[in-house]
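What follows is one structure encoded as C-alpha cells, with my remarks underneath.
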Amino acid sequence: MGLLTILKKMKQKEKEVRLLMLGLDNAGKTTILKKFNGEDIDTISPTLGFNIKTLEHRNFKLNIWDVGGQKSLRSYWRNYFESTDGLIWVVDSLDRLRLQDCKQELQSLLQEERLAGATLLVFANKQDISGALTSEAIKEAMDLENIQTHHWLIIGCSAVTGQNLLEGIDWIIDDIASRIFTMD
Amino acid sequence: MTTMDSSVKLAAPSTLTAIDVEGKWNIVSERLQKREDERLAEIQKKREQKSETAALQESTLFFTTEFNKEKVAIEAGLSECDRVDKANLIDRFDFLSLSLQKMQKFLAESTMFLPPYEVRLAQETISKLQTQIQEKRDELFPKKKFAFKSKKKVASSEKLFAKTLPENVFQEKVEISLTSCKYENLKDRCLEKFEDEINNRDVALARLENCTVKLYGVPSAVNMYKLKNCRVFTGPVSSSIFITECQDCVFVLPCQQLRIHTTVNSQFYIHVTSRAIIEDCSGVKFGPYNWKYPSLDEHYKISGLNRNKNSWNDIDDFNWLASDTHSPNWSLIPEGELVKSWDELIS
C-alpha cells in the first residue's frame, strides 16, 4: 500500500473538500456563497477579510473559503492556498474595464505551486443583468482554452437568482472526487 | 639730611610720578595700540573667513552644477540605450560605467570642501545611477539566473507564457468594448438617460469632464471610470456601483453596494443598504442621498432597496484598518455645508 493510497483512504473517510473562492472585488463571491447556503443576500457588504462556510452537500463536507478581492487584500490570498482541492474563480461579467486585470490575477494563481493540483471552476457571474458578457466571451477574453495545467470549466451564473450555482458546485465536486477519492 | 631727605623724599615721588605717568601712558597707549591691532586683525580675519566661505559656496555650486551635468548626460545615455543596436550596446555601457566612475572620483576629490549633506546627496545620486545602469543592462542583456526548478513546473509555466503573449492586442479590445449603455469621452455636457433605456441594465460612464449626468431609472449596476469635475445623479441602483479614478466630482446615488477606488476630492450623497468602502482614496466626503425626481418612489420599489436602511455615514476604508481611530481619508460633510436641493444647481 503506497502513501497515495493511504491518503486517498483517509480523505474518503471524511469526504471533505476544501474550496477556495477568489476573484476581483465586486465579482459577487460572498453573494454566491450566501445564496448557495440559502442566506439573505440583500445586506452583503464588501468583504473586509474573509468568510468561511462549512456545508453538507451530497454527502460531502464542503469547506468554502471566500476571501475579499479588494486590491489591498489580494496579497493575502496566498495565505489560503494550502491544501485547496478546488479553486472557484468568480468573474464580474459586467466589468469589461478590468477583464484584463482579472485574467492576469487568475493566471498568476494558476502558476502557484500550492494550487497545482486544484480543479478550477470559473463562475461568469451577474448573468441576470442584460448587457453582461456571455461565458463564451469571457472564456475567449481570458484565454481559458489554453489552460492545460488544471481541470477547468467556465459556467455563466447569477448569484442573485441562483441560476447555475448548483451545477457549478456539482461539477467541481465531481471532478475533485474523481481525482482524490476512490470511486465506489 | 632730613630736608634733603625730605626733598629727596619729596622730589623722589614727584619725579617718580612723572616717570610713572609717562611710563603708564606708554603702557596704556601700547595696550591701546595692541588692542587696535588686534581689532584690525580680527576684522581682517573675519573678512578672510567671509571670502573663504564665499569661495566654499562657489566651489559647492561649481561641484553641484558639474555633477548634475554628468548625471544628466548619463541618464540621457541610458534612455538612448533602447535605440542603440546590440553591437554598440556593450561599448555604450562601458562608456556609461566610465562616466560614473569619473563622477565618483570627482565627488571623492570634492569631499574636502563639500558640506556633509551635499556629499550624502551626491553619493545617493551615484548609487541610484549605478542601479539604473545595472537594471538597464539586465534588461537588455538578460542573464540566466540559476535556480532549482522542477521539470514539470518549467514545462507548464512555459506553456502559459507562450500562450499569454498576445495580451496587448486584447487590452485594446477590452478598452473599447464598454457596455452599450454608456457615456464615454465627453466634455462640458449635460447628459440624461431614462428608465426605458437603463432599467435592469448596467451603465458605464467613462472619461467624462465637466459633465452633469442624470440617470432617471433603476440600473442594475453602474461603473464609473475617470470622471473629472462631474456631477452624477442616479435613481436607485439595485446592486452595486463601482467608482474608480475620479476627481473633483459630486455623486448623488442610492445602491446596495458602493465601492470607491483611487478617487480624490469628491462628495458623495448616498443611500447604501450595506456598507460603502473606499480604497486608495483621499478627501472624500459623505452625506445622505437627497436627489428627488417625480418617479423616484416607484423606482425605489422596482429596485428592492430598503429605504429605511442607510449607512451613508459608516464607511470602510481598506487602507485604514485601525478601528480605534478614524480614517483620515474620508469625512462627513458638515451639516451646514450639505446641499439642500439640487434643482437650482443642476438645471
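The values are calculated or read from the model by the stated rules, or taken from the named source; none is laboratory data. Nothing here was measured: the structure is a model prediction, and the numbers come from that model. Here the Cβ positions follow ideal geometry from the backbone for every residue, glycine too, while neighbour counts run over all protein chains shown. Heavy atoms of the whole protein, side chains included, go into the accessibility calculation; ligands, DNA and RNA do not. Shrake-Rupley method; radii C 1.70, N 1.55, O 1.52, S 1.80 Å.
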Open item on the list: Counting only other residues whose beta carbon sits under 14 Å from that of A:Asn37, what net charge do I get with K and R as +1, D and E as -1?
Closed with: +1
- [ ] Give the shape of the protein assembly as shown as rounded, prolate or oblate, defined through the alpha-carbon gyration tensor: a ≥ b ≥ c are the square roots of its eigenvalues, a/c under 1.5 means rounded, and otherwise the shape is prolate if a/b is larger than b/c and oblate if not.
- [x] prolate
TODO: Go ahead and estimate [θ] at 222 nm for the protein assembly as shown from helices alone: -39,500 (n - 2.57) per DSSP H run with n ≥ 4, summed, over the residue count, rounded to 500.
DONE: -14000 deg cm²/dmol
TODO: Please determine, in degrees from 0 to 90 and to the nearest 10, the orientation of helix A:165-180 with respect to the longest principal axis defined by the Cα atoms of chain A, where the helix direction is its Cα long axis.
DONE: 30
TODO: Answer with one residue from B:Leu114, B:Thr65, B:Ile198: the one whose Cα lies farthest towards the positive end of the charge dipole of the protein assembly as shown, charges on Cβ with Lys, Arg +1 and Asp, Glu -1.
DONE: B:Leu114
Task: Quarter of Cα convex hull surface for the stretch B:55-140, i.e. mean projection, nm² - done: 5.2
TODO: Pop out a list of residues from the stretch B:198-215 that are at least 50 Å² less accessible with all the protein chains around than in their chain alone; 1.4 Å probe, no ligands or nucleic acids counted.
DONE: B:Asp202
TODO: Apply the Karplus parameterisation 6.51 cos²θ - 1.76 cosθ + 1.60, with θ equal to phi minus 60°, to every residue of the stretch B:258-271 and state each ³J(HN,Hα) to the nearest whole Hz, in sequence, with x for glycine and proline.
DONE: 9, 10, 10, 10, 6, 10, 10, 6, 10, 10, 10, 9, 10, 10
Open item on the list: Quick check for you: which residues of the stretch A:96-117 have the amide N under 11 Å from the point 7 Å beyond the Cα of A:Leu7 toward its beta carbon?
Closed with: A:117
- [ ] Please work out whether the stretch A:1-139 counts as rounded, prolate or oblate from its C-alpha gyration tensor, where a ≥ b ≥ c are the square roots of the eigenvalues and a/c under 1.5 means rounded, while otherwise a/b larger than b/c means prolate and anything else oblate?
- [x] prolate
Task: Cα long-axis angle, helix A:3-14 against chain A (0 to 90 degrees, to the nearest 10) - done: 70
